[in-house]
């Protein structure tokens, strides 16, 4: 039998077990306290946020001996406001009459620094076409309208020619026949729409009344018309001789110049219908061709002749005044390679035109 007495109830048995494990319980308690103390300190240090910045040993405030403020900003001067002056138009009530169309005289106030604007190409063409129609109808505005088409520049037999609407007078007398086809071809290179007038001579004589020459479109003259009055001192006679040259005949019948080739027609007939036999009337009234070109609005005229016929100072003076009034330039070319009458030279140079005495090649 055992010397110890077994416990008599449950409480006694629990108490005996607790006393038996008191060393383990104390060790567990001490370890728990140690973990709580040491582990809490580490967690506390890890949770602290580092400072945003370090002020350093000198602190946050740094004193300076001299501090200057921001520079003064100069006040801008008030901008001067510019108000453009609106143009005013003044159109006279008598700009149009029942008998003729006159160019309106507009007065436009100048606008400072206003940019120049060109007219659209389509508008230029329309205005040029209208100018031709007005000129052909005898209107007084033909010259101004002709210039609206725009200036062009081309070289004719080595001379620089500038024109918006070119008119040409070609001597169709015997001395010019070998040069006519080449001259027309040269002119049409730069001015395909030039108005060409064939005149039988190159004289400018004084005469009273209406010219004996009639400006006719070449395509309207039939072969019968040319043969019916082909006397020696007539335009038909000169044409008949020129048309014997194949190049000239081909050129004259070309559709390209059907509407631009004209003839200063002189049939050598007086008021009674009979031949008058006056050679001076055939070659001495070139002003009839000049007047036709001026009426059609030409701003530049090219005169191709040998300048061997008489020239009257009064006619030169009268034409020169018209050229100046309408700002028309006259260019003269002697295909014979000889000097030109000084009166004609002066008339061309005073208009701002050129003088050419070189023979065509």
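Annotations for the structure displayed:
- Pick from region 295-306, criterion out of contact with any helix residue (DSSP H, G or I) (no Cβ under 6 Å at 6 or more places or on another chain) and closer than 19 Å to residue 201 by Cα, ranking: surrounded by the most Cβ atoms within 10 Å (Cβ to Cβ): 302
- Scanning region 246-264 for residues that are surrounded by fewer than 16 Cβ atoms within 10 Å (Cβ to Cβ) and outside any helix (DSSP H, G or I) yields 253, 254, 258, 259.
- Under the condition of being under 21 Å from residue 311 (Cα atoms) and surrounded by 20 or more Cβ atoms within 10 Å (Cβ to Cβ), the residues counted in region 154-209 number 16.
- Count - residues of region 304-361 that are assigned to a helix (DSSP H, G or I) and in contact with a strand residue (DSSP E or B) (Cβ under 8 Å, 6 or more places away or on another chain): 11
- Wholly enclosed strands (runs of 3 or more DSSP E) of region 149-200 bearing at least 2 residues under 20 Å from residue 237 (Cβ atoms): 166-171, 195-199
- Among the residues listed as 329, 324, the single one being touching a residue at least 12 places away in the same chain (Cβ under 8 Å), farther than 25 Å from residue 218 by Cα and surrounded by 13 or more Cβ atoms within 10 Å (Cβ to Cβ): 329
- Selection within region 218-229 - surrounded by 13 or more Cβ atoms within 10 Å (Cβ to Cβ) and either in contact with a strand residue (DSSP E or B) (Cβ under 8 Å, 6 or more places away or on another chain) or more than 19 Å from residue 171 (Cβ to Cβ) (or both): 218, 219, 221, 225, 229
- Among the residues listed as 267, 271, the single one being buried (at least 16 other Cβ atoms within 10 Å of the Cβ), modelled with pLDDT under 95 and assigned to a loop (DSSP other than H, G, I, E, B): 267
- Some residue of region 327-337 being at pLDDT below 95 and out of contact with any helix residue (DSSP H, G or I) (no Cβ under 9 Å at 6 or more places or on another chain): yes
- Test: residue 320 is touching a helix residue (DSSP H, G or I) at 6+ places or on another chain (Cβ under 6 Å), at pLDDT 95 or above and within 15 Å of residue 291 (Cα to Cα): yes
- Subset of region 193-213 [more than 19 Å from residue 333 (Cβ to Cβ) and touching a residue at least 12 places away in the same chain (Cβ under 8 Å)]: 193, 205, 206, 207, 211, 212, 213
The values are calculated or read from the model by the stated rules, or taken from the named source; none is laboratory data. Quick caveat, the model's predicted, so the values are computed rather than measured. When we count neighbours, we look across all protein chains shown, and the Cβ atoms used for this are built from the backbone with ideal geometry, even at glycine.
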